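Asks: I have a structure I would like to understand better, so I am pasting it below and will then ask my questions one at a time.
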Amino acid sequence: MLYQSGGTGQETIFIVDDVETNRLILEEIIKNMGCQPLLLENGEQALEAAHKVLPQLILTDISMPGMDGYELCRRLKEDERTRDIPVIFISAFDHPEDIVEGLSLGGEDYITKPFVPEVIEARVGVRLRLGEAKRELLEMNRRLQVSVSEQLKQMEQEKRNILYALGEIAAHHAGYQKNRVERMKRNCRILAQGMQLSPLFEDKISDAFVDTIELAVPLCDIGKIAISKEILQNKEPLTEEEKGVLRTHTQIGAKFLTDLYVNSDYNDFVGAAIQMIRHHHENWDGSGYPDGLSKDEIPLMAQIAAVVEMFCTLTEDEGCSKDAALKQMKQNAGTKINPDIFEICCMISRQLC
């Protein structure tokens, strides 16, 4: 059994499929995980049941008579009472455009048939663990509002530790080297400190800014925990549809942290992390994603993270020397990355790891 619950061990999971055989196969898998399955034949039944028994997760087929899986997901996400229920699509449709459509409607994952029990357990287990972590963090935020100052600080650190743990899982899921997160932290700090000495940025970067970017950057790719390894670790060029799936990680990660955000002095780094997660793939010339921001529309921390991520990718994934990496980065200065930040990066490059 891959999933070890920290709760009651009776997490309720809806199984929505018009084919009885599929329902029974999934029922057995979910029972083996120690969870409680509820079998439903169509989207209408699932929508009605969700208003009576709030499940921890919904597994739904897409092609069903009446309300299909896409429409079920859309209706769930429109309703405040059910919008936080994770939805995983299970379908014979395996085209990237089908996956993109499911994710764009708010689905958390997409598993293709035929069923592989180990895959079902692993993907469902990840979603349940994320749900548990989210509920724990939301409870921490509720307690933060009524606790004294020292308690607030302590719980904030606990919350960061959980987020960092999820960030580490995402980095491993994406196939990054072990020291990738530490390199990003150190290099962002060094670059931000270098920018403090520049007349262009001295009024924008405080010591608190430097500390915050070091705290926030490990969460940059936390949304990749929701992207399949087949896409993340694919060594071949991705199709346009696969690129579309990959790009959703910025929105997924930002939404996850947005749901946890509490507007307090102790949570400043979460707000910064949300902006960084969403916008670190924006390009200086406006050709990036997800919002097509350009130049100073892009949050400064996201601009710094983009420069450092490009440097780390070239020196890690492509095996470039520092000089070779900076030479390639120069070709992207003014298009993908801020040319002024790149110039400062060159000046302090000996300090980068």
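The values are calculated or read from the model by the stated rules, or taken from the named source; none is laboratory data. Remember, predicted model here, so these are calculated numbers, not experimental data. Every residue, glycine as well, gets a Cβ built from its backbone with ideal geometry; the counts of neighbours run over all protein chains shown. Each accessible area value is taken on the protein alone, full model and side chains, heavy atoms only, with ligands, DNA and RNA left out. Shrake-Rupley method; radii C 1.70, N 1.55, O 1.52, S 1.80 Å.
Asks: Which of rounded, prolate or oblate describes the stretch 19-65 when judged by the alpha-carbon gyration tensor and an a/c cut-off of 1.5?
Replies: Numbers: a/c = 2.32, a/b = 1.14, b/c = 2.04.
The shape class here is oblate.
Asks: Once you've got the GNM for the chain with C-alpha springs shorter than 10 Å, pick whichever of I15, I222, I231 has the biggest mean-square fluctuation.
Replies: The residue that fluctuates most here is I231.
Asks: GluC sites (Glu not before Pro) within the stretch 66-98: which are DSSP loop residues with at most 10 other Cβ atoms inside 10 Å?
Replies: Values: sites: E71, E78, E80, E97; in loops: E80.
Passing both the DSSP loop test and the Cβ count: E80.
Asks: OK, next. Considering only D109, D291, D207, give the residue with the highest GNM mean-square fluctuation for the chain, with springs between Cα atoms whenever their separation is below 10 Å.
Replies: Among D109, D291, D207, the largest GNM mean-square fluctuation belongs to D207.
Asks: May I pose another question? Relative to the longest principal axis of the chain, what angle (0 to 90°, nearest 10) does the C-alpha long axis of helix 20-32 take?
Replies: 60 degrees
Asks: Relative to the compact globular guide of 2.2 N^0.38 Å, what is the alpha carbon radius of gyration of the stretch 166-316, as a ratio?
Replies: Working: Rg = 15.1 Å, N = 151, 2.2 N^0.38 = 14.8 Å.
Rg over 2.2 N^0.38 Å, computed on Cα atoms: 1.02.
Asks: Hey, quick one: spin label on M347, modelled 7 Å out along Cα-Cβ, who in the stretch 295-324 has an amide N within reach, i.e. under 14 Å?
Replies: Under cut-off, by backbone N: nothing.
Asks: Take the cross-link list K113/K243; K178/K224; K31/K255; K204/K224 and give me the ones stretching past 26 Å between alpha-carbons.
Replies: Details: K113/K243 22 Å; K178/K224 16 Å; K31/K255 30 Å; K204/K224 30 Å.
From K113/K243; K178/K224; K31/K255; K204/K224, over 26 Å: K31/K255; K204/K224.
Asks: Once you place label points 7 Å from the Cα toward the Cβ at E132 and T21, how far apart are they in nm?
Replies: For E132 paired with T21, the spin-label model returns 3.4 nm.
Asks: Output the antiparallel fraction of DSSP beta bridges having both residues in the chain, as a percent to the nearest 5. Can you show the working numbers first?
Replies: On the way: 0 of 18 bridges.
Of all bridge pairs located within the chain, approximately 0 percent are antiparallel.
Asks: Another one. What number, rounded to the nearest 500 deg cm²/dmol, is the helix-based mean residue ellipticity at 222 nm of the chain, given -39500 (n - 2.57) per DSSP H run of at least four residues and division by all its residues? Before the final figure, lay out each step's value.
Replies: On the way: 14 runs with 192 residues, N = 353.
Computed ellipticity for the chain at 222 nm equals -17500 deg cm²/dmol.
Asks: Estimate the FRET efficiency between D207 and E230 by the formula 1/(1 + (r/R0)^6), using the beta-carbon distance for r and 41 Å for R0, to the nearest 0.05. If you can, show how the numbers build up before the last one.
Replies: Numbers: r = 43 Å, r/R0 = 1.04.
In this case the efficiency is close to 0.45.
Asks: Length gain on complete extension for the stretch D291 to E316, per 0.36 nm per residue less the alpha carbon to alpha carbon distance? Mind showing how you got there, number by number?
Replies: Values: separation 25, 0.36 × 25 = 9.00 nm, distance 2.78 nm.
The span from D291 to E316 would gain 6.2 nm if fully extended.
Asks: Which one of A92, A170, A305 has the biggest mean-square fluctuation once the chain is modelled by GNM with Cα springs under 10 Å?
Replies: Looking only at A92, A170, A305, the largest GNM fluctuation is found for A92.
Asks: Taking every pair of alpha-carbon atoms in the stretch 194-256, what share in percent sits in each 5 Å bin, from 0 to the bin with the longest distance?
Replies: In whole percents, the pair-distance histogram is 4, 15, 17, 15, 12, 11, 11, 11, 5, 0.
Asks: Farthest toward the dipole's positive end in the chain, which of I341, A170, G107, given Cβ charges of +1 (Lys, Arg) and -1 (Asp, Glu) about the Cα centre?
Replies: I341
Asks: First obtain the Kirkwood hydrodynamic radius of the chain from its Cα pairs, then insert it into the Stokes-Einstein equation at 10 °C and 1.306 mPa s, and state the resulting D in µm² per second as a whole number. Write down the numbers at each step before the final one.
Replies: On the way: Rh = 21.7 Å.
Stokes-Einstein gives a translational diffusion coefficient of 73 µm²/s.
Asks: State the volume of the convex hull built on the alpha-carbon positions of the stretch 254-353, expressed per residue in Å³ and rounded to an integer. Intermediate values should be presented prior to the final figure.
Replies: Values: hull volume 11.8 nm³, N = 100.
Residue-normalised Cα hull volume stands at 118 Å³.
Asks: By how many nm would the segment from R142 to L200 grow when fully extended, if each residue of separation counts as 0.36 nm and the alpha-carbon distance is taken off?
Replies: Working: separation 58, 0.36 × 58 = 20.88 nm, distance 4.02 nm.
Roughly 16.9 nm would be gained on extension.
Asks: Share of the stretch 171-322's accessible area from carbon and sulfur, percent, 1.4 Å?
Replies: Values: 3320 of 6940 Å².
Solvent-exposed carbon and sulfur of the stretch 171-322 make up 48 percent of the total.
Asks: Would you mind working out the magnitude of the charge dipole of the chain relative to its Cα centre, with +1 at each Lys and Arg C-beta and -1 at each Asp and Glu C-beta, to the nearest 20 Debye?
Replies: On the way: 39 positive and 58 negative charges, 230 e Å.
With only Lys, Arg, Asp and Glu charged at Cβ, the dipole is about 1100 debye.
Asks: Please give the FRET efficiency for R74 paired with T258, using the beta carbon to beta carbon distance and R0 = 22 Å, rounded to the nearest 0.05.
Replies: Details: r = 20 Å, r/R0 = 0.91.
The pair R74/T258 has a calculated efficiency of 0.65.
Asks: Viscosity 1.567 mPa s, temperature 4 °C: Stokes-Einstein D of the stretch 15-152 from its Kirkwood Cα radius, in µm² per second?
Replies: Values: Rh = 15.8 Å.
The diffusion coefficient I find is 82 µm²/s.
Asks: Going by alpha carbons, how many degrees (0 to 90, nearest 10) lie between the helix axis of 300-316 and the longest principal axis of the chain?
Replies: 90 degrees
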